[in-house]
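Working notes, structure below.
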Amino acid sequence: MSHRTAAFASPSEGALPPRTSPFAAPGAVVAVAALGCGLLTARPILVGLGGVGPGPVLVTLFSALLAVSLLWPARGGADPAWRPIPVLLLGVGAFALGRLLTGGPVAAPAATPFVIAVNSLAAVAEEAFFRRLVYGALLTGGPAAALLGSSILFAAVHVTVYGAWVLPLDLAAGLLLGWQRQASGSWAVPAATHVVANLLVVL
Amino acid sequence: MTEVRAAGRRRRRFGVGVGLAGLYGAVVLATGLTAGHPVRPLLDGAGVTTPYRWVKPPWYVGSANVKPTAGHTDITFVNGVSPLIGVNSPDSQVIINLPAGALPAHTGDNVVRASFTPIDPAKVGKVAKPNRADGNAYRVDMTYQPSGAPVTRIVTSGNIVMVVPDEAAKMLYSPDGKQWTELPTQILGDPNTVGSAFNTPGYYLVDTAIPAFANPNAGKGTKRTVGIVLVVVAVVLLLGYVVPTALKRSRAAQAEAAGRRRRTVKRHRR
């Protein structure tokens, strides 16, 4: 077994699927990643479909994204350099500082239970997708490629929703969340950070 | 020795995290300074909305705006005198405070209904240039109940407070929503909360000197979104297929070259 294959067969997040599994089909993860990114990017179009309003569409989209990301065999995750708590605190601290720096009365939906639930679902689903599925898939190119690639895609899918001016902001946020994934060895840490970051906006 | 190296690596990795946190802070600050309006620390979730509730949201607010609704509050007279009271629109973006006795008594009625109706500012008179409307316009109606007769004057001035999305310039008043008159305006606490005297029902609006934040992508709509979707999917495919394939070929070529070198060295040794 090569060292790279051994890294995929992380005991913390599961081993490589057998060759016969449809998950192991060449390019299957790429197709799923492309579909997920495509759907996230197409959000402005999707929320206008069906005439049911954005709520049900977003809940369906993020639920599906979360389910697919969790069902997909995870790769990587061995050799965490740090325990989750300090990594989590650093990320949360950065986002809290960001909230203080940005200030101002804009950008917070009314903190209804539904809005809080959807924001949290979106955060967890996006992290499961970008920091578990996409990051894991890109690990074939090494940790740096996984970090950079998942961050670029994370920033790119938000452009249609918020405009091109968010690219640097979301790229920086993606790098920080990706580093948390790398340093802690788990996508749960960036997911928790992302949930807190979203709550900092609405609460 | 190995433990010392491992500890050094761990410290370096955490240092990378601190550096990325700093980079994020710098980008947030730079974005906030250049965007022309406050930004969110992480743009995500159920779409962009603001705490401000728009009748017609601007482009950067997105689809999850909670539209304000019209509403009313009944003010009951006590011993024939209107009480000291504060009434507000359902979205709390307009608040009117009235001192005791502010509303004149009306024969046969003992209640005044204060109604608030948020209006898209594009549907009322235009604000004098170079300023623009800052958030919604509001129509404030006051009627005696049960007769329904309008309250036409206030005996003692109250005050009206409006919360707006951008830094306010002046509060404006119009009896019919066509021509605006500037009111003496006070900034209350922060530049997004302004107050003035309240002397009569009618239309109220706040203006701002801050230019509208133009949508850099305006007019491109669905075609542009589809274009970006295609680009993102192409990037994923590139990252997923092309780059790994190129890397694999490169590694295979390197391994082959190394193998050739080893074979050559072995032959020479023999």
Given the whole protein assembly as supplied and a 1.4 Å probe, what does the accessible area of B:R263 come to in Å², nearest 10?
130 Å²
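For every helix of n ≥ 4 consecutive DSSP H residues, a contribution of -39,500 (n - 2.57) applies; sum these over chain B, divide by its total residues, and give [θ] at 222 nm rounded to the nearest 500 deg cm²/dmol. All intermediate terms of the calculation are to be shown ahead of the outcome.
Details: 3 runs with 78 residues, N = 270.
Per the formula, -10500 deg cm²/dmol.
Can you check how the C-alpha radius of gyration of segment B:130-261 compares to 2.2 N^0.38 Å, as a plain ratio? List each step's numbers first, then the result.
Working: Rg = 30.5 Å, N = 132, 2.2 N^0.38 = 14.1 Å.
After normalising by residue count via 2.2 N^0.38 Å, the value is 2.17.
Nearest 100 Å², what total accessible surface is buried between chain B and chain A (probe 1.4 Å)? Intermediate results must be reported in sequence, preceding the final value.
Numbers: alone 17530 and 10360 Å², together 22440 Å².
Rounded to the nearest hundred, the buried surface is 5400 Å².
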Hull surface divided by four, with the convex hull built on the Cα atoms of segment B:62-208: how many nm²?
8.9 nm²
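Going through the cross-link list B:K123/B:K178; B:K67/B:K223; B:K129/B:K170; B:K56/B:K123; B:K56/B:K126; B:K56/B:K223, which pairs have a Cα-Cα distance over 20 Å in this structure? Don't jump to the answer; show the numbers that get you there.
Values: B:K123/B:K178 9 Å; B:K67/B:K223 27 Å; B:K129/B:K170 13 Å; B:K56/B:K123 11 Å; B:K56/B:K126 16 Å; B:K56/B:K223 23 Å.
Cα-Cα > 20 Å for B:K67/B:K223; B:K56/B:K223; rest within.
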In chain B, whole DSSP H helices that both stretch 20 Å or further along their axis by alpha carbon positions and average at least 1.0 on the Kyte-Doolittle scale are B:221-237
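The values are calculated or read from the model by the stated rules, or taken from the named source; none is laboratory data. Here the structure is a predicted model, which is why all the values come from computation and not from measurement. Note: accessible area is taken over every heavy atom of the protein model, side chains too, but ligands, DNA and RNA are not part of it. Shrake-Rupley method; radii C 1.70, N 1.55, O 1.52, S 1.80 Å.
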